[in-house]
1. Taking a probe of 1.4 Å, how large is the accessible area per residue of segment 375-503, in Å²?
2. Per-residue HN-Hα couplings for segment 323-338, Karplus 6.51 cos²θ - 1.76 cosθ + 1.60 at θ = phi - 60°, whole Hz, x for Gly and Pro?
3. What's the carbon and sulfur percent of the chain's accessible surface, probe 1.4 angstrom, rounded to a whole number?
4. Taking the Cα centre of segment 90-235 as the origin, how large is its charge dipole in debye, to the nearest 20, when only Lys and Arg (+1) and Asp and Glu (-1) carry charge on their Cβ atoms?
5. Using a probe radius of 1.4 Å on heavy atoms only, what accessible surface per residue do you get for segment 1-126? Whole Å² is fine.
6. Taking +1 at the Cβ of each Lys and Arg and -1 at the Cβ of each Asp and Glu, which of Gly465, Ile485, Leu499 sits farthest along the dipole of segment 405-515 towards its positive end, judged by Cα position relative to the Cα centre?
7. On full extension of the chain, what length is gained from Lys392 through Arg101, given 0.36 nm per residue of separation minus the C-alpha to C-alpha distance?
8. Name the residue from Gly377, Tyr195, Val136 whose Cα lies farthest towards the positive end of the charge dipole of the chain, charges +1 on Cβ of Lys and Arg and -1 on Cβ of Asp and Glu.
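The values are calculated or read from the model by the stated rules, or taken from the named source; none is laboratory data. Worth saying up front: this structure is predicted, and the values here are computed from it rather than measured. Because the Cβ atoms are built from the backbone with ideal geometry, glycine has one as well, and the counts that use them run over all protein chains shown. Heavy atoms of the whole protein, side chains included, go into the accessibility calculation; ligands, DNA and RNA do not. Shrake-Rupley method; radii C 1.70, N 1.55, O 1.52, S 1.80 Å.
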Amino acid sequence: MNAPAIKNLAAPAIRLHPNDNVLVARADLVQGSMLAEENLTCLNRIPAGHKVAARAIGKGEAVLKYNTTIGFASADIAPGTLLHRLNMEFREFDRDYAYARDYKPVDMVPERQRASFMGIVREDGRVATRNYIGIVSTVNCSATVSHRIAEWFTPERLAAFPNVDGVAAFTHSSGCGMELSGEPMDLLRRTIAGYIRHPNMAAVLVVGLGCERNQIDKLFEAEKLTAGTKLHSFIMQDTGGTRKTIEAGVAAIQALLPEANNVKRVPVPASHITVGLQCGGSDSFSSITANPALGAAMDILVRHGGTAVLSETPEIYGVEHTLTRRAVSREVGEKLIERIRWWKDVYALGRDVQINGVVSPGNQMGGLANILEKSLGSAMKGGTGPLMEVYKYAETVKQKGFVFMDTPGYDPVSATGQIAGGANLVCFTTGRGSAFGCKPAPSIKLATNTPMYRKLEEDMDINCGQILDGTASMDEMAEQIFQLILRTASGEKTKSEELGLGEHEFVPWQIGITG
């Protein structure tokens, strides 16, 4: 879903669609403020980003934003009233999935005219945007050893290897005390293997304790991994314990560095870019600026042959019908609905999580009443193109174009799945100011509004608040984002990379019991 052109972004309260019965405050509106264009007086203070009733709304009537249902009036609401959780209710409502009804193939840019970037071509033809050596733990018990190995390789010690972006540890809190077989173990191994195989990894060490349930040999067997010159493994109980494993790991990486450094960037088509789409710390401006602008940038990327991976299943709930209608086939649309039903009927049944209505306190302070309203903006990140495929968490993304991956809404877990699936770059929109970075894929942060961008400029890469300020159009903003993606994929560092973020954001989804 993408936002239509908005008539007047400079108005004190913005009408997003002619059929809407709410407006969004562009800035704080004091009680008694007159909204001349709407012939409306504010009966309450309306904080920036919050909603004000554009007309009388009867109890039980749908509240419409972008002409889309985001909740229902829980009482009669007078024109000019602030809308929030106390006078809006979340409840189920019927949606027509109309599978593949609105499918249209992508109008591709002619091949000779497609954009390019400076990438690192691996031996198998895949293209990297970064060049890391990784240390991956099979279990929490080997996490400290993995981090100690990585910490030895300070910037000073890596100075002789300028083409290596770093040595990074990828550790987690699972790997034992869990089911020995089944989907939880399959998912963990699939995620770990996705990082091991990632094109942004020049080489990988796998470190285990030795007695954990997620045994290295079983991991390699299940995921068809083969030890070799670029994939080494260490078992602490065999190597001699903590100190000796750290020493062995350091020595192994020292031996790997010269070859890892022996790469150069060359021009490659933008079709080799796979972007994981994230949003966190959202506000009401997310659906007006950053999310639709990112979606428009993804439309550009897809036309150039690239791939956009929308995720966060709880954060498309309520607008999933806008995706199924654009699906390439009924089968693909039904895959998406199957994942939605699993979340609603199995995984989150009866639990106080956002797919069942309530969003985080930060989202509420930013003007979002419930998950329906958050999903309205979240889905816009994927752009307007056809939905080509639906993947389970951390599955390898093979289909070009706009695709969906089933993940939680929690950003580190969601981005981990996308990167395991092959995303070599992440674009992350935020209205409240999420400080997020990840490795081995660089993360671009997009601010939804100028005040937050100015306050957190060290963390934000681009200010989509320019749309609200009237200094950039949606199309101009999309082009800025696309060009920044190309520069970042070519090696330009993001703000999160400059700050050193990404050491602790490898968070595989834990769906099973701990026993």
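1. On the way: 4080 Å² over 129 residues.
Counting only protein heavy atoms, the per-residue value for segment 375-503 is 32 Å².
2. Each residue's phi maps through the Karplus curve to give 8, 5, 5, 9, 5, 5, 7, 4, 4, 5, x, 5, 4, 5, 5, 4 Hz.
3. Here it works out to 50 percent.
4. For this selection, approximately 340 debye.
5. On the way: 6900 Å² over 126 residues.
That works out to 55 Å² for each residue.
6. Of the candidates, Leu499 comes out farthest on the positive side.
7. Roughly 102.4 nm would be gained on extension.
8. The residue sitting farthest along the positive end of the dipole is Tyr195.
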